[in-house]
Amino acid sequence: MFIEYSIVSQGCHAATAVLWKHRDDERVRSYTNNLDSMHKVVLETKNEASLLKMAENLKQQGIPFHLWTEQPENIPTCLATVPVMRSELGDALKSVSIGCRTLRAWLQPGLLAQLLVRSAVEATPGPGLIRKPIRPKRTYVWRQSTCYNKAGRPGDQTGGGRQHGTQRGSGPPHGGPQQRLRKALTERNLNGIWDSIQQIASNESGLITEPDVCQVLRTFNNQFMFEYSTVALERTQFVINFYRQRKLPITGSAFYNECIRLNIYQNNRATAYKIKEDMDAGVLGDFKADIHTYVAIFNDVHASTREDLALLTTYYDEMLGRGIQPTDLVQKPLIRLARKIGEIPLVRALLESPGTAKLTDIHSTTAARLLSNKAQAYIAQYDLVGARTQLEELLLYHIPKDTRLLPSTQGYATGSSDIRIPYEFTRTRDAFFIYVRSLYESIIRIYIIRHRIREAHELLDDMRRTIYLPPSRMAYNWFIRYHAKRKNIHRLHEIHDMMLQDGVAPDEYAYTKFITACMYQPRPRRLRKLVDKAINDGKLPKTLGASFEPADGPDPAIDEAQDESAPRPSGLPEIPKHIAELTSVHDLVFHPEDCVRFYQSMFLEFDGRIKNSRDEQCLPNAHIINAVMCAYTMLERPSLVLREFIRYAYHQSRLYPHQPPPDIKANIVPVAHMFKMALDASDATDNQEQSQRIHTQMVRWGIRLPNST
């Protein structure tokens, strides 16, 4: 159809003017960041009055626009808005006489589009005006995919250019499977996509375009990449078979790139490489392998050996020889594989090679995946500066606007670049922060391994302030293990309080460390460090540092008569100096009150009743019971010592009525110590019946006390 040049030129004037005037608008930035996929909707009004009325409506709605006035006639001819969503238009189109069906059909939810409105006026011929009026029943739609005619059938299979239609039938049938498919693709509704594909496949006259097929294949392949779901591969294979059975034309390389991805994921490398060779040879069409083809080849989830890495590096060299610049999507799988098999020099070379420019803010989750993978590579080289640089760059990205919540944010691997998130949630705020948290915790772990605990705590505090997701339970357990080994009880209380504030429930491992750290006797070297630290803090006298020997321990045989101390105000002799110092060391090492406090908190966490020894909500292990019995012994509470022993013996006998419990064989020393403390407690309470039961249990389980023959 013949096109009047003034129609195009005036629309270009208005569209260019509004984009430049509002170039700082977030919608304009998002729209112009993807120049290969712009979307415009062109409508028409009856006359100049309706055009001006629509401009007034847009002004009331607060939608920025530019009204083009043709000179020298000084006649308003068209207007253009900034890229808007359908939901933003509201009632601004009430003055438009035609084109509303077009708007509903093509302006999909969640899709930015620039609206152009043209006035069908009869004007005096001039330099820029049209020389005849536009027919009021015709509207023009520019699209980047196949256009549909009045009957709902594709008009131009190449997908580009302009297609005209009437008010009815300027798009696919409203509510049809094609429309539902595109809506599901926009919303990333995997079940909706699959249902629409099945409806189209079951109807022989069902229509589907090549871009839609490629987007469906890309969606299901991405689902497998995120979830490792075999169902996604089966659906991808079904779509490929259906499209080939219909013998529909394939005009680009996108379809074959997705076929290569499918065969790579199915571990059919030979088939994938054969498709790539046919593309280069021109067998499949007038196109060759591009950067997306190599991305599909490099994303080999089954590659795990040096031979696989050597083959992929061959394709990498071939890509560079063709003048194709490597992107972050190409480097990520190579870095991951090289790091996995220990090829650190190759990792270093890939990190130093130039990649693509910085991703835009709308791809913040993708950037999080790529930068997290790079940071893991730096960590593999013990380069914390490089890892911190990737973290700081990631924090500059905008937070995604999708606020849908994942079912749980605690179940995802920490310190891994292969985090499996459901595909429909991959662009949510939770997904973005899961990658950020993983990167934080990977760096924290290296700090703890290198005993740089102060920097680890600073990074933990920064993470709690920066992201709204709480740290993972595994990260807290790293701190718990570090401080429990060094008997930093006050630090353990701080971490316990932080976990409760963040809503991260301590597990059995955490409570085992909390409780046993209060009561275990450190080795001589560690005990010496504790004493020196207490002397530096002023908790112990400095004279103890020269005379204290950790291997000696308390000596109960000290002769108080040899000590010539002055009497105390009470009239009793003063406590000998050596005994006082050893008592201070004893209080420094053992913390029975803190042990009992952690034990009570554990029962509250697991909804158990601590006073009921037969409560089945909380089943402490042998290490916890042993430490708690030691604490009650030091606090001179023999009845509570017996209660904890009865709790342990009852539950183990209930779980293993006909054999010794496996916990006994694995922890024979603490269990024997528990029996000894129970016998001492029964003697202290003069409970002969309980003492007899303890001896009977010892015979059943084959327990021998350390001093027994």
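Contact order, relative form, for region 237-387: 16 percent (alpha carbon pairs under 8 Å, 6 or more residues apart, mean separation divided by residue count). Here the label points at Ser37 and Ile341, each 7 Å from Cα along the C-beta direction, are separated by 3.4 nm in the simple model.
Using a probe of 1.4 Å, the accessible surface attributed to Asp497 totals some 80 Å² when neighbouring protein chains are kept in position. If I model a spin label as a point 7 Å beyond the Cα along the Cα-Cβ vector, how far apart are those points for Thr696 and Leu320 in nm? Modelled inter-label distance: 7.9 nm. Taking 0.36 nm per residue of separation and subtracting the Cα-Cα distance, full extension of the segment from Arg464 to Glu234 would add 78.7 nm. In order along region 400-406, the Karplus-derived 3J(HN,Hα) couplings, from 6.51 cos²θ - 1.76 cosθ + 1.60 at θ = phi - 60°, round to x, 8, 6, 9, 4, 9, 6 Hz, and Gly and Pro are given as x.
Applying 0.36 nm per residue to the separation of Thr16 and Tyr656 and subtracting their alpha-carbon distance, the gain on full extension is 222.4 nm. Between region 460-481 and region 279-304, how many Å separate their Cα centres? Region 460-481 and region 279-304 have Cα centres spaced 41 Å from each other. How big is the accessible area of Arg180 in square angstrom, nearest 10, if you roll a 1.4 angstrom probe over the protein chains? Using a 1.4 Å probe on the heavy atoms, I get roughly 100 Å². On the basis of the beta-carbon distance and an R0 of 51 Å, Met85 and His490 show a calculated FRET efficiency of 0.40. Placing R0 at 56 angstrom, the Cβ-Cβ distance between Arg306 and Asn687 gives a FRET efficiency of 0.25 after rounding to 0.05.
Proximity of backbone amide H atoms, modeled 1.01 Å from N, is registered between Thr45 and Arg118, Ser119, Ala120 at under 5 Å, excluding neighbours fewer than 5 places apart on the same chain.
You can think of it this way: the chain between Leu52 and Asn268 has 71.6 nm of extra reach, that is 0.36 nm per residue less the Cα-Cα gap. Ranked by the mean number of other Cβ atoms within 10 Å of their residues, highest first, the peptides 479-485, 291-297, 392-398 fall in the order 291-297, 479-485, 392-398. For the set Met85, Met499, solvent exposure ranked by accessible area (probe 1.4 Å, protein chains only) runs largest to smallest as Met85, Met499. Of the residues Phe287, Phe255, the one with the largest accessible area comes first in the ranking Phe287, Phe255, computed with a 1.4 Å probe on protein heavy atoms. Summarising the amide proton neighbourhood of Asp402: residues at separation of 5 or more, or on other chains, whose placed amide H is nearer than 5 Å comprise Arg429. Cβ-Cβ distance of Val283 and Asp497, R₀ of 60 Å, FRET efficiency by 1/(1 + (r/R0)^6): the value works out to about 0.35. Of interest is the spacing of the C-alpha centroids, which for region 312-343 and region 207-266 amounts to 24 Å. Surface composition of region 369-498: carbon plus sulfur atoms hold 49% of the accessible area, using a 1.4 angstrom probe and ignoring ligands, DNA and RNA. Computed with a 1.4 Å probe over protein heavy atoms only, the accessible area of Leu350 comes to about 10 Å². With a 1.4 Å probe rolled over the protein heavy atoms of all chains, the accessible area of His490, His695 falls in the order His490, His695, largest first.
The values are calculated or read from the model by the stated rules, or taken from the named source; none is laboratory data. The shown structure was predicted, so the numbers you read here are calculated from the model rather than taken from an experiment. Neighbour counts are summed over all protein chains in view; Cβ atoms, including those assigned to glycine, are modelled from backbone coordinates with ideal geometry. SASA here: full protein model, heavy atoms, side chains in, ligands and nucleic acids out. Shrake-Rupley method; radii C 1.70, N 1.55, O 1.52, S 1.80 Å.
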